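The structure appears below as structure tokens.
FYI, it's all coordinate maths here, none of it is from the lab. For clarity, every value in this text was computed on a predicted model and none was experimentally measured. Cβ placement follows ideal geometry from the backbone for every residue including glycine, while neighbour counts extend to all protein chains displayed.
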């Protein structure tokens, strides 16, 4: 297709075109030009309306954005209302029905990236490329904007350019990127070193240091079933009873998972075996396994490493889960920021099919049919919630469902579905081989096994650290080379912030549960600014479905901005507490319920960081009317005491 150049605004203060840049303006493709490509994409997805998100994502990759004619074609060919296609396109932040630059640059706006200097680098790139943040350059060459988090917190500052991640940004690297963009060099021809993403595994245990081979977990589960067949066949007279014995294989696998006391690693900590058992026993025509790889919590990046270096273990875990519950199809929901992993993961799936580890009759077991599809997200933090993720899988806006019913009974296409985190499924693959008792011997009484922590922030050695449950925060700080630490944010913005008096606490479900984020702040950091960044994150990522969250998160940002500007009072601090109560009572999902957490935690532990910015202990309006009249007084030559509002009775 023809490349699409866009209109935009020049960088402020510039009045002429930059050297070597011509203003090229072309029109979007006509419907006739669009149709062959759109038809090809829709055909590849089987004309399934449930694949709408994937279809729109691929159409945008070809067109540069989603022009109106393309949305009309998609709606017509999928036989869905245009309003649905338009609504889905407007929901996801990586999709756009407005023109974008030929090079779409998204700087990670996570607090750790800001601490590493991302904002000056963004401004420098905009100055060099004659672009304004959030807008398309005048000739349509580039658009530079911010995105919440790219999952590269251990090697920031980072950015995405046309979906490809570039880490460890410096002034020199940004200059080189600008040179390539100005020269219109295709991203595929950029130096490979730009796209290097490191695992940074600093401490490995049973999971990150495993030695299992692809298929080991599946063969172990099947052997457990074969043992049940042999034992039953030896003791029973009838073939029918022996067949019942063979059916105990999946149940035996399920029992091992239950015996291990494995709990979900996504943060909620629900017992995995109970979830699988409920799904197996649920009534339905078919069952599904979903791997939630949409780790959007700022500060978390463990799933990225597991999918990069341990993809077979992830897929083994999904296949073992399918064997245990009787599923025939699985989905890997891959975070949109990890789009660059799609091709390697697809290659791994193809290799597994060739090795009879996926498909029909897996490992020669008649009737054991299971395959996996990859669904790439399109930029939505709320899709990390399991019911919102399922809505996205079905080609809808990722709005969380009302519960009950739960996915184990009414999940994908209203059929029994289990949704598990990447790390959870990896652990299940280990348990299938080594047994539940072995796994339960690790960790603590209520928290078996190990936990992978994504350590970032003010540390000498950021990266992944795997520990048996029960490790103290102090031990982690020592291992990662943290110094003069004043605070740790556990489990991202929706988690908890602890200060130095609590560094003896332990990572465990009975003390400090976590999805994996472990962000460290030393004494040089202003904890108010940290909380303000998190408030902006929640406001940006609110799906907008419910009024309390949509309006409440915006009000939080307004309060924090008012305090930041020096106009805040104790009244504003009190309003945050009252707003938290409203969100807890009326928000539709967990995003709204936890939006105030970082502010309340930092207020509790670092209140002076707020009070230093407060204007007074009394109420003060956010709008300074007297200050706004300053220009009028200057124009009229009146600046005496009676011309000021404070002088009025």
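Each of residue 80 and residue 308 was given a label point 7 Å from its Cα along the Cα-to-Cβ line. The distance between the two points is 3.3 nm. Axis angle, to the nearest 10 degrees, between helix 272-281 and the longest C-alpha principal axis of the chain: 60 degrees.
For the Cα atoms of the chain, what angle does the longest principal axis make with the long axis of helix 52-63, in degrees from 0 to 90, nearest 10? Helix 52-63 sits at roughly 60 degrees to that axis. The range 248-293 and the range 157-231 have Cα centres spaced 27 Å apart.
Averaging the sequence gap over all C-alpha pairs within less than 8 Å and six or more residues apart, then dividing by the number of residues, gives the range 528-611 a relative contact order of 38 percent.
Classify the range 288-378 from the C-alpha gyration tensor, please: rounded if a/c falls under 1.5, else prolate or oblate depending on whether a/b exceeds b/c. Provide the component values of the computation, followed by the final result.
Numbers: a/c = 2.29, a/b = 1.82, b/c = 1.26.
Here the range 288-378 falls in the prolate category.
Ranked by the mean number of other Cβ atoms within 10 Å per residue, highest first, peptides 317-325, 47-55 order as 317-325, 47-55.
Could you tell me which of rounded, prolate or oblate describes the range 343-383, using a ≥ b ≥ c as the square roots of the eigenvalues of the alpha-carbon gyration tensor, with rounded for a/c under 1.5 and, failing that, prolate when a/b is larger than b/c and oblate otherwise?
On the way: a/c = 5.46, a/b = 2.10, b/c = 2.59.
Since a/c reaches 1.5 but b/c is at least a/b, the shape of the range 343-383 is classed as oblate.
Relative contact order, percent, of the range 284-375 when contacts are C-alpha pairs under 8 Å separated by at least 6 residues?
33
Cβ crowding within 10 Å ranks 195, 315, 518, 368 as 195, 368, 315, 518, fewest other Cβ atoms first. Of the peptides 426-433, 442-449, 218-225, the order by per-residue mean of other Cβ atoms within 10 Å, starting with the highest, comes out as 426-433, 218-225, 442-449.
Quick one: of the DSSP bridges fully inside the chain, what percent are antiparallel, nearest 5?
Values: 27 of 59 bridges.
Rounded to the nearest five, the antiparallel share is 45 percent.
Counting only alpha carbon atoms, the long axis of helix 171-182 and the longest principal axis of the chain meet at about 90°. Taking the fewest neighbouring Cβ atoms within 10 Å as the starting point, the ordered list for 547, 417 is 547, 417.
Need one word for the range 528-611: rounded, prolate or oblate. Basis is the Cα gyration tensor (sqrt eigenvalues a ≥ b ≥ c); a/c below 1.5 gives rounded, then a/b vs b/c decides. The shape class here is prolate. Normalised by 2.2 N^0.38 Å, where N counts its residues, the alpha-carbon radius of gyration of the range 466-554 equals 1.24.
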